[in-house]
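*Asks:* Below you'll find the structure I mean.
The values are calculated or read from the model by the stated rules, or taken from the named source; none is laboratory data. For clarity, every value in this text was computed on a predicted model and none was experimentally measured. So basically every Cβ, Gly included, is an ideal-geometry build from the backbone, and we count neighbours across all protein chains shown.
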């Protein structure tokens, strides 16, 4: 029998240790696939807690451990994921736990995610008699890079030993106040693809444009025409974003250059829209260039797929969050066009990715993710531990 009323008090008791872990991680940030100190810190913590089957070096720096229940129940297995990587940014916060690494900081909350999962492991180790089956805790490298650490960890077999039945993850939410939990059903984050377009024209004197093929003009037409995919090819009821973010050409104001270069991102929620965007983008770029006498070469790279929460698992998280946070603090999480490689886990197993509010205007913690002044209200760490712990116990005892 699980007593949910004791989870919050138990977490509050160990919160100072969770905060201390988060501050160490914040002071010692590491970029994707370089999280060697972070991984060793995690390994030592798991070993101290008595977590079994600790594996390191998965997908370079990934770490996993297993907590086996001793109680009665159906014997299912669940995986919990935290990402560990930081971003290449200079921190501008004036705090005692400021990054000690020049040009690198935890400006997205992955330090909090790692500390929270260590806290969850600590609580679950004390409650092993309250569930059967196993909980695999997974600490993942490089969520921020478009190659990502989730896919190679899955390819390394992290879902197989023990065989995982469901997956859960969380992310701090700088736009939501501390104490608020956001849960969405279905697609909650977009697939993130990228494209590169190289336009070959024919350079010449700017005063004699008739002797040249202007790749700048071709690129301008391509940039405008790409937006017709959104306005004229896509169903208005389906979300699609195409943003051209780089346009480079030329070195002088009186020379028509030989080539131009464009680069951007495409965000979608459905496989059908993803296919449409890739097909039409390639057609528009190549045909527009040909029509104007040039040539365009398109490279389209598919990044993270859409993050899609299972309806049953999302309801489970809502129920678990309401029990430990109060129903009034559990809100719907609307879809957003950002991307997240937890999506790869959700392609393999049913699960839910939810948000933990960490904004505190009174303390000046108001800056968004990827901002040099980003920080989290550390009270929110306990909320993340409480909700994730109760979610696991409810799932394993259903």
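*Asks:* Working only within segment 125-146, note down all residues that are in contact with a helix residue (DSSP H, G or I) (Cβ under 9 Å, 6 or more places away or on another chain), surrounded by fewer than 19 Cβ atoms within 10 Å (Cβ to Cβ) and under 20 Å from residue 57 (Cβ atoms).
*Replies:* None; the set is empty.
*Asks:* How about segment 77-97: which of its residues are crowded, with 18+ Cβ neighbours inside 10 Å and under 19 Å from the mean Cα position of the chain (by Cα)?
*Replies:* 79, 80, 81, 82, 83, 84, 85, 86, 87, 89
*Asks:* Shifting gears a bit: Here is a list of conditions, (1) in contact with a helix residue (DSSP H, G or I) (Cβ under 7 Å, 6 or more places away or on another chain); (2) farther than 20 Å from residue 81 by Cα, and residue 21 meets all of them except one; can you say which number that is?
*Replies:* With (1) in contact with a helix residue (DSSP H, G or I) (Cβ under 7 Å, 6 or more places away or on another chain); (2) farther than 20 Å from residue 81 by Cα applied to residue 21, the lone miss is (2).
*Asks:* Now, a different point. Consider residue 242 carefully, then state whether it is surrounded by fewer than 21 Cβ atoms within 10 Å (Cβ to Cβ) and either assigned by TED's automatic domain parsing to the domain that holds residue 349 or free of Cβ contacts under 8 Å to residues at least 60 places away in the same chain (or both).
*Replies:* On the way: surrounded by fewer than 21 Cβ atoms within 10 Å (Cβ to Cβ): no; either assigned by TED's automatic domain parsing to the domain that holds residue 349 or free of Cβ contacts under 8 Å to residues at least 60 places away in the same chain (or both): yes.
No; evaluated as a whole, the condition is false for this residue.
*Asks:* A follow-up question, please. Restricting to segment 218-247, give me the number of residues that are in contact with a helix residue (DSSP H, G or I) (Cβ under 9 Å, 6 or more places away or on another chain) and closer than 22 Å to residue 202 by Cβ.
*Replies:* 6
*Asks:* Looking only at segment 49-84, count how many residues are out of contact with any strand residue (DSSP E or B) (no Cβ under 6 Å at 6 or more places or on another chain), touching a residue at least 60 places away in the same chain (Cβ under 8 Å) and within 25 Å of residue 313 (Cβ to Cβ). Step through it out loud before you land on a result.
*Replies:* The first filter runs over segment 49-84 and keeps only residues out of contact with any strand residue (DSSP E or B) (no Cβ under 6 Å at 6 or more places or on another chain), leaving 49-50, 57-61, 69-76.
Checking the rest, the ones that are also touching a residue at least 60 places away in the same chain (Cβ under 8 Å) come to 49-50, 58-61, 69-74, 76.
Next cut, within 25 Å of residue 313 (Cβ to Cβ) only: 58-59, 69-74, 76.
So the answer is 9.
So that you can scan it fast, the table gives a plain yes or no per residue for (1) over 25 Å from residue 129 (Cβ atoms); (2) modelled with pLDDT of 95 or more:
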{"residue": "44", "(1), (2)": "yes, yes"}
{"residue": "49", "(1), (2)": "no, yes"}
{"residue": "53", "(1), (2)": "no, yes"}
{"residue": "69", "(1), (2)": "no, yes"}
{"residue": "74", "(1), (2)": "no, no"}
{"residue": "77", "(1), (2)": "no, yes"}
{"residue": "80", "(1), (2)": "no, yes"}
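*Asks:* In addition: With modelled with pLDDT under 95 and in a loop (DSSP other than H, G, I, E, B) as the only criterion, which of 1, 89 stands out? Don't jump to the end; show me each part of the working.
*Replies:* On the way: 89 fails: modelled with pLDDT under 95.
Within the list 1, 89, the selection yields 1.
*Asks:* Does residue 111 satisfy being crowded, with 24+ Cβ neighbours inside 10 Å and either at positive phi or touching a helix residue (DSSP H, G or I) at 6+ places or on another chain (Cβ under 9 Å) (or both)?
*Replies:* Working: crowded, with 24+ Cβ neighbours inside 10 Å: yes; either at positive phi or touching a helix residue (DSSP H, G or I) at 6+ places or on another chain (Cβ under 9 Å) (or both): yes.
Taking the combined requirement at face value, the residue satisfies it.
*Asks:* What single numbered condition from (1) under 23 Å from residue 79 (Cβ atoms); (2) within 18 Å of the chain's Cα centre (by Cα) fails to hold for residue 319?
*Replies:* Going through (1) under 23 Å from residue 79 (Cβ atoms); (2) within 18 Å of the chain's Cα centre (by Cα) one by one, residue 319 breaks only (2).
*Asks:* Could you tell me whether any residue of segment 255-272 is assigned to a helix (DSSP H, G or I), under 24 Å from the mean Cα position of the chain (by Cα), within 22 Å of residue 167 (Cβ to Cβ) and not assigned by TED's automatic domain parsing to the domain that holds residue 140?
*Replies:* yes
*Asks:* Looking at this structure, is residue 179 surrounded by 21 or more Cβ atoms within 10 Å (Cβ to Cβ), assigned by TED's automatic domain parsing to the domain that holds residue 43 and assigned to a loop (DSSP other than H, G, I, E, B)? Reasoning before the result, please.
*Replies:* On the way: surrounded by 21 or more Cβ atoms within 10 Å (Cβ to Cβ): no; assigned by TED's automatic domain parsing to the domain that holds residue 43: yes; assigned to a loop (DSSP other than H, G, I, E, B): yes.
No: the conditions fail for residue 179.
*Asks:* Does residue 37 fit the bill of being at pLDDT below 95, assigned by TED's automatic domain parsing to the domain that holds residue 174 and more than 26 Å from residue 348 (Cβ to Cβ)?
*Replies:* On the way: at pLDDT below 95: no; assigned by TED's automatic domain parsing to the domain that holds residue 174: yes; more than 26 Å from residue 348 (Cβ to Cβ): yes.
When the stated conditions are applied, residue 37 does not pass them.
*Asks:* Look at segment 1-48 and say how many of its residues are surrounded by 17 or more Cβ atoms within 10 Å (Cβ to Cβ), over 25 Å from residue 397 (Cα atoms) and in contact with a strand residue (DSSP E or B) (Cβ under 7 Å, 6 or more places away or on another chain).
*Replies:* 4
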